[in-house]
Structures are given as C-alpha cells and as structure tokens.
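**Student:** My questions will all concern the structure given below.
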C-alpha cells in the first residue's frame with residue numbers, strides 16, 4: 001500500500017472503495033517441515049491482525065485479493081483460494097480501528113467509513129516462506145511470520161479466521177496441493193508425506209499414505225533416487241501435466 005493509497009483508505013468517506021466489505025488473507029508459509037502464518041502488527045498499538053485490504057469500485061474481487069497478498073508478500077504469482085465469508089454481527093468492533101488510526105495521528109469521526117460494520121471475504125494462500133520478503137505498509141504496520149502455535153492475540157475475529165482457513169486447507173489439500181507449488185519438480189513420496197504431516201499436524205502411516213496418493217491419479221513415477229544402495233533408493237515422482 002502506497003502512501004497515497006493509505007490516505008485514500010483513511011479518508012472519511014472512503015471514496016473509490018466498496019463500502020462495508022473487506023478482504024482478509026491468511027497466508028500460510030511452509031518450509032522444512034514448518035508451517036507459519038503471516039501477521040501484521042500495527043505501529044504504536046501492540047495490535048496484531050491478518051493482512052487485509054479493501055476493494056476498489058472498479059476492481060474484481062479476486063484481483064483485489066491478489067493485490068492485497070502481493071503487497072504483503074512481494075510475490076506476484078500466488079495461488080489464492082476463497083474459503084469463507086465472515087459476516088456475523090458479533091465480529092463488529094470499531095475499537096481496534098479507532099486505536100490504529102489515532103495512533104497514527106488520524107483521530108476519526110464516528111461516521112468514518114472504516115468504523116462501520118464490515119463483512120469480510122476470506123482467502124488463503126500457501127507459499128514457501130523462504131521465498132517471501134514480507135512488505136509492510138509504510139504508514140501502518142510491520143509484517144512477520146509466526147508459528148501457528150505461537151500466534152499473538154489478534155484483533156476482532158482474526159484468530160477464528162486463521163483456524164477456519166487451516167481447516168479449509170487441510171480439507172482441500174489433495175485437490176489444491178499442485179497449485180501451491182511447494183515441492184521440487186521431482187520428489188519422493190517421503191517428501192510429500194512430510195509436507196502432509198506438517199500441514200495436518202499429525203503422523204501418517206506410510207503404506208496407507210502411499211496407497212492414497214497413488215490412487216488419486218495425480219502422480220507420475222519417473223525414476224529412482226540414487227542414495228548409494230539400489231535396494232534403498234526411493235522412486236521419484238512428479239505431478240502429471242494434465243493434473244496441473
């Protein structure tokens with residue numbers, strides 16, 4: 001978010017943006033059997049939140065979501081999935097926004113558009129966090145990776161949004177994994193299993209996991225991985241082109 005864009009969002013009437021609807025993005029990061037989530041901390045407030053943003057009047061929803069995530073991660077080609085719409089009245093709480101805006105020298109009037117009730121469209125992404133340089137908005141926040149089991153308290157219902165996104169990721173992992181592009185072009189079933197175990201946060205039985213993955217029809221066996229002993233060399237696989 002540029003300084004100009006931040007000023008536009010902070011304007012009292014939010015001219016140029018759709019009112020009462022926002023985007024919250026849960027960006028999961030995976031690498032070396034670790035699963036993290038990207039969070040922002042608003043300056044001078046101690047408040048933590050998910051990366052989020054607003055939709056321009058002339059902007060497609062999915063385009064807006066990609067813009068929001070790209071601004072925070074520095075990545076342009078990200079696989080995003082819309083997973084839920086959060087609209088319960090109980091999530092409405094203008095207090096954090098008042099605190100954030102006041103801390104940045106912009107005490108808002110009660111009729112400010114950002115203090116109204118918002119419905120939020122949730123998106124999630126899964127990226128290799130070693131390839132991401134988080135890009136905080138220059139005026140409002142810092143942006144860092146956090147372990148899922150060590151998250152700080154988040155504003156409003158953002159903790160619930162993270163949990164809902166994680167449930168969606170786990171439920172849809174078989175169908176969505178190819179799009180996340182987290183594995184090398186050629187990989188072993190052991191590497192694939194470790195990815196699953198990290199995301200699912202549980203150990204899997206090797207024979208059952210291999211049967212399941214091979215039955216999905218998305219893998220192509222290509223060769224054996226040389227490890228010094230032919231009888232110990234695991235097969236290498238890649239995703240089938242037609243499955244991409």
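**Student:** Residue 195: outside any loop (DSSP other than H, G, I, E, B) and outside the structural domain of residue 61 (by TED's automatic domain parsing), yes or no?
**Tutor:** Considered against the rule, which asks whether it is outside any loop (DSSP other than H, G, I, E, B) and outside the structural domain of residue 61 (by TED's automatic domain parsing), residue 195 comes out as yes.
**Student:** Looking at residue 174, is it modelled with pLDDT under 95 and either surrounded by fewer than 18 Cβ atoms within 10 Å (Cβ to Cβ) or in a helix (DSSP H, G or I) (or both)?
**Tutor:** So residue 174 passes the test.
**Student:** Now for a different question. Quickly run through the stretch 144-153 and pick out the residues that are closer than 19 Å to residue 200 by Cβ and part of a loop (DSSP other than H, G, I, E, B).
**Tutor:** 151
**Student:** If you check 127, 132, which single one turns out to be closer than 28 Å to residue 234 by Cβ, in contact (Cβ under 8 Å) with a residue 60 or more places away in the chain and in contact with a helix residue (DSSP H, G or I) (Cβ under 7 Å, 6 or more places away or on another chain)?
**Tutor:** 127
**Student:** Here's a follow-up. Residues that are surrounded by fewer than 11 Cβ atoms within 10 Å (Cβ to Cβ) and part of a loop (DSSP other than H, G, I, E, B): does the stretch 95-106 have at least one?
**Tutor:** yes
**Student:** In the stretch 68-80, is there at least one residue being more than 26 Å from residue 195 (Cα to Cα) and in contact (Cβ under 8 Å) with a residue 12 or more places away in the chain?
**Tutor:** Yes; the residues of the stretch 68-80 include at least one that is more than 26 Å from residue 195 (Cα to Cα) and in contact (Cβ under 8 Å) with a residue 12 or more places away in the chain.
**Student:** Can you name the residue in the stretch 33-58 that is free of Cβ contacts under 8 Å to residues at least 40 places away in the same chain and surrounded by fewer than 18 Cβ atoms within 10 Å (Cβ to Cβ) and, of all such residues, is nearest to residue 75 (Cα to Cα)?
**Tutor:** First, the residues of the stretch 33-58 that are free of Cβ contacts under 8 Å to residues at least 40 places away in the same chain: 46, 55, 58.
From the residues that got through so far, the ones that are surrounded by fewer than 18 Cβ atoms within 10 Å (Cβ to Cβ) too are 46, 58.
Details: 46: 27, 58: 23 Å.
Across the stretch 33-58, the extreme among qualifying residues is 58.
**Student:** Something else about it: When residues of the stretch 180-197 are filtered for being closer than 17 Å to residue 210 by Cβ, surrounded by fewer than 17 Cβ atoms within 10 Å (Cβ to Cβ) and within 21 Å of the chain's Cα centre (by Cα), how many remain?
**Tutor:** Looking only at that region, the number is 2.
**Student:** Oh, and also: Given the condition exposed (fewer than 13 other Cβ atoms within 10 Å of the Cβ), touching a residue at least 24 places away in the same chain (Cβ under 8 Å), assigned by TED's automatic domain parsing to the domain that holds residue 13 and part of a loop (DSSP other than H, G, I, E, B), answer yes or no: does some residue in the stretch 154-170 qualify?
**Tutor:** The answer is no, given that none of the residues of the stretch 154-170 is exposed (fewer than 13 other Cβ atoms within 10 Å of the Cβ), touching a residue at least 24 places away in the same chain (Cβ under 8 Å), assigned by TED's automatic domain parsing to the domain that holds residue 13 and part of a loop (DSSP other than H, G, I, E, B).
The values are calculated or read from the model by the stated rules, or taken from the named source; none is laboratory data. Everything numeric here is computed off the predicted structure, so don't read it as measured data. Cβ: placed from backbone, ideal geometry, glycine included. Neighbour counts: every protein chain shown.
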